[in-house]
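K.L.:
Let me begin by handing over the structure; questions about it come next.
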Amino acid sequence: MAAHQEKKVAEERKHQNMQNDTKASQGQWGRAWEVDWFSLASILFLLMFAPLIVYYFIMSCAQYQCSLTDPLLDLLTGNKHLSDIWNRTPTLTYRAAGIYSLWVTFQVFLYVGIPDFCHKFLPGYVGGVQEGAVTPAGVVNKYEINGLQAWIITHVLWFANASCFHFFSPTIIFDNWIPLLWCANILGYAVSTFAMIKGYFFPTNAEDCKFTGNFFYDYMMGIEFNPRIGKWFDFKLFFNGRPGIVAWTLINLSFAAKQQELYGEVTNSMILVNVLQGIYVLDFFWNEAWYLKTIDICHDHFGWYLGWGDCVWLPYLYTLQGLYLVYHPVQLCTAHALGVLVLGLLGYYIFRMTNHQKDLFRRTNGNCRIWGKKPQYIECSYTSVDGTKYYSKLLTSGFWGWARHFNYTGDLMGSLAYCLACGFEHILPYFYIVYMTILLTHRCLRDEHRCCSKYGKDWKRYTAAVPHRLLPGIF
Ligand code: NDP
């Protein structure tokens, strides 16, 4: 009886709120509608320089043994001209174009052609058709979660080729690394441009599109929220997971194979990088359904940032440690190797447990136990574009009581471990931790700005209850 009355009161409250306060807040919690000068400047900078940054890192390894300063010194002292460096850079080849086209086509086939069967026999794995979060327009998309299956099939074929068939050398990725970079760029630009045109002329869901009126901002940050072709080919899920993340572990394996070919052994640092990043990648696919609830899918629109980023930035810069170790085969002493392993695993544990706690809490609507106790939380509400008022909860127990983004802290610890595996001779392998620190700090601020617009005063109550972002007592 009491429950019935509560439900009725809630219904009435919802109806009243729909009439009273919808227009004020509707649509305010998605991507920005207005572009400030700082965002525009950052976007123009990235559009102009991000491809050059990727080229600079890869070229430094190929031509300067991974020294980031030598190319600059050569240019500044007039020892070399830009044209000298450019002329020594491998061009796009038919072979690379063939490999890349085959790779992307195969991943598209695995994504749309083979429905998930892993969830039928792997206990605890969530795959098959799953629902994403409510979009700002109030849409709930369905996704075919089959990334783990695609990863397994791809890797089984890779190992079958390396050990039995020998159709191609496992060093194939390293051997074509720069020609493949041109292919990745072509795809990255093509898909971002297509997404922009599609947003204007044939969007999947017009109500979830955002036009700021600034061409560069829209190109970079995307117009469409969830662009799709047909019912199932989702741009965000495909491009972020495959070809980028499936490739990540293959790229590392190819680098390890190159070490073996060049030096007759694979160093412990290379094994550490392969294992730690392998765990991270497998974790991603094991939890692909959870990934539907992360910022990339839930809040970011699909533009150059995701399209080009997934095709070029991710596979080329996230794998710098393995590339570096081909040129500098570091053999770590046992204490150093153990330290890296412990830091990497601890970081991974924190990253996974923090994400798991939020996922469990949200999935069970708070009816779960966090660290053996009933979770504590803050009740909050928000309104979608169509004026519907939704109720939600913000967890303040477990790692979420320590800091508001402790999952990022774990991620950063793991990222640092990959870098430390490369020793201390060069700064190039440390790019990853610098980049991840900037990315996750910025993400943290971006997410909080969005959550503040979405939840209003409820968010303020939450930040008062959990005052720090990444490090308890510090930041
Ligand atoms: P989160 O998984 O932390 O998701 C943030 C969202 O969770 C918020 O927008 C909010 O969404 C909700 N939320 C925030 N606080 C709470 C709370 N206390 N209780 C319940 N829900 C809350 O962030 P990301 O999606 O950015 O990251 C997911 C993981 O991916 C992280 O571990 C991160 O480290 C990793 N990552 C890795 C990257 C890489 O390149 N390697 C890049 C980006 C992320 P809502 O609107 O639903 O309330």
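The values are calculated or read from the model by the stated rules, or taken from the named source; none is laboratory data. Predicted, not measured: the structure shown is a model, and the values here were computed from it. Cβ atoms come from the backbone with ideal geometry, glycine included; neighbour counts cover every protein chain shown. With ligands, DNA and RNA removed, areas are computed over all heavy atoms of the protein, side chains included. Shrake-Rupley method; radii C 1.70, N 1.55, O 1.52, S 1.80 Å.
K.L.:
Which angle between 0 and 90 degrees, to the nearest 10, do you get for helix 334-363 versus the longest principal axis of the chain when only C-alpha atoms count?
P.N.:
30
K.L.:
On a 29 Å Cα-Cα criterion, which of the cross-link pairs LYS236/LYS393; LYS198/LYS393; LYS231/LYS374 come out too long?
P.N.:
Listed pairs above 29 Å: LYS198/LYS393; LYS231/LYS374.
K.L.:
Output the 0 to 90 degree angle, nearest 10, between the alpha-carbon long axis of helix 431-455 and the longest principal axis computed from the alpha carbons of the chain.
P.N.:
10
K.L.:
Taking a probe of 1.4 Å, how large is the accessible area per residue of the chain, in Å²?
P.N.:
47
K.L.:
I would also like to ask the following. Hey, what number do you get for the chain at 222 nm if only DSSP H runs of n ≥ 4 count, each worth -39500 (n - 2.57), divided across all residues, to the nearest 500?
P.N.:
For the chain, the value works out to -19000 deg cm²/dmol.
K.L.:
Got a number for carbon plus sulfur as a percent of the chain's accessible area, 1.4 Å probe?
P.N.:
Heavy-atom surface of the chain belonging to carbon and sulfur, 1.4 Å probe: 66 percent.
K.L.:
I'd like the accessible area for LYS258, computed on protein heavy atoms only with a 1.4 Å probe and all protein chains in place. Round to 10 Å², please.
P.N.:
Approximately 20 Å² for this residue.
K.L.:
Further, regarding this structure: Quote the relative contact order of the chain in percent (integer), defining contacts as alpha-carbon pairs under 8 Å separated by 6+ residues.
P.N.:
19
K.L.:
From largest accessible area down, sort VAL191, VAL126, VAL330; use a 1.4 Å probe on the protein chains.
P.N.:
Most to least solvent-accessible, the answer reads VAL126, VAL330, VAL191.
K.L.:
Which angle from 0 to 90°, rounded to the nearest 10, does the C-alpha axis of helix 246-263 make with the longest principal axis of the chain?
P.N.:
That works out to roughly 20 degrees.
K.L.:
What is the distance in Å between the Cα centroid of region 247-323 and that of region 174-199?
P.N.:
17
K.L.:
Please check the chain for the longest run free of GluC sites (Glu not before Pro) that are loop-located per DSSP (anything but H, G, I, E, B) and have at most 15 other Cβ atoms within 10 Å.
P.N.:
By the stated rule (loop sites, at most 15 other Cβ atoms within 10 Å), 35-264.
K.L.:
Let me ask something else. Given charges of +1 on the Cβ of Lys and Arg and -1 on the Cβ of Asp and Glu, with all other atoms neutral, how large is the dipole of the chain about its Cα centre, in debye to the nearest 20?
P.N.:
Using only the charged Cβ atoms, the result is roughly 1420 debye.
K.L.:
Just order 151-160, 343-352 by mean Cβ neighbour count inside 10 Å, highest at the front, would you?
P.N.:
So the peptides 151-160, 343-352, ranked by packing, come out 343-352, 151-160.
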